[in-house]
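Novice: Sharing a structure with you now.
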Amino acid sequence: MVVTSLPASDQSGVSHAISLHHALRVSERGPRRFGISGTPGDCAVMGICHLMTDGAPQLLLSGVNRGLNLGMETVFSGTVGGAMTGMMLGVPSIALSQAYKDRNNVLWDASRTLGAKVVRDLLVIGWSKDACLNVNFPACSAAEAGPVTLARQGVGMVAGMHVDTRTDPRGMTYHWLNFRRGDRQQGPESDYDAMMPTIVDTFAPYYDGMLNDIAIIYANNFTVGELREIEAFYRQPVGQKLLEKTPAITQLSNQVGLDASRKAAEDLRARLTQVLREKGHKL
């Protein structure tokens, strides 16, 4: 028997959180199909511990998610979180995700056509009860998809977080959180390397527009003669060396700035503490 227990709304980024501070509501959407007013973790708990009255399931499938789930950043994934919750409840669990080239026009053919066989093959192979599996389908037709590749979890592309602060019509500030991504060494046999053709294809449609935008920036800031001088410089050995060293120099420069900011903050804190003590405040 198959029971479908899904979040009633988008739960991206909630990881394997479960709701302990507010009640959950269940709405029946069809025979053995339920919407849950909670997280994917809540859905796993409700399905395993409440909705399936004849006992725990033999398998939990979380997904199929719209978009890849790769690297260490899967710790944020609600899809992977649902599978992790199932694993913690003693049920073999698999997270499923579908890569796409166009978010508003996702080609589901690979996951729809190949998903059942992939799951059956994984069940035959088996895996540790202390782990859940994370499956990503490429952004192509089923006929174009290659063979199943086992991979290690890479470190991911998250290089930090960005806080975008804005002001609403009432003059109140609010904030959006987003990932800051960068090119990181993933290690051998990583999931990112396995999915790299899909990742490249996903961003390929944007390359021409990006290059055109960059060309406009250069054209607005340099004359034709200056652009020719810049081109000639980069053809020289010193120009080639600058191109080669730029990523490392940028990283080191950023670190110098961070270290200076940290030291300035520490000095300011020490000065404020001293002033407050001189004024009689007990710290």
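The values are calculated or read from the model by the stated rules, or taken from the named source; none is laboratory data. Note that the structure is predicted; figures quoted are calculated from it, not measured. Note that we place each Cβ from the backbone using ideal geometry, even for glycine, and neighbour counts take in every protein chain shown.
Novice: Take Thr273 and tell me if it is of a type in the set (Ser, Thr, Tyr) and within 24 Å of Arg184 (Cα to Cα).
Specialist: no
Novice: Do we have any residue at all in region 163-178 that's in contact (Cβ under 8 Å) with a residue 40 or more places away in the chain and either assigned to a strand (DSSP E or B) or polar (S, T, N, Q) (or both)?
Specialist: Among the residues of region 163-178, not one is in contact (Cβ under 8 Å) with a residue 40 or more places away in the chain and either assigned to a strand (DSSP E or B) or polar (S, T, N, Q) (or both), which makes the answer no.
Novice: What are the residues in region 72-98 that are closer than 20 Å to Leu122 by Cα, within 17 Å of the chain's Cα centre (by Cα) and among the small types (Gly, Ala, Ser), if any?
Specialist: Correct list: Gly81, Gly82, Ala83, Ala95, Ser97.
Novice: Confirm whether Lys101 is assigned to a helix (DSSP H, G or I) and either surrounded by 24 or more Cβ atoms within 10 Å (Cβ to Cβ) or in the same structural domain as Gly63 (by TED's automatic domain parsing) (or both).
Specialist: Criteria not met by Lys101.
Novice: Do we have any residue at all in region 77-95 that's in contact with a helix residue (DSSP H, G or I) (Cβ under 6 Å, 6 or more places away or on another chain), closer than 23 Å to Gly41 by Cα and among the polar types (S, T, N, Q)?
Specialist: Scanning region 77-95 turns up at least one residue that is in contact with a helix residue (DSSP H, G or I) (Cβ under 6 Å, 6 or more places away or on another chain), closer than 23 Å to Gly41 by Cα and among the polar types (S, T, N, Q).
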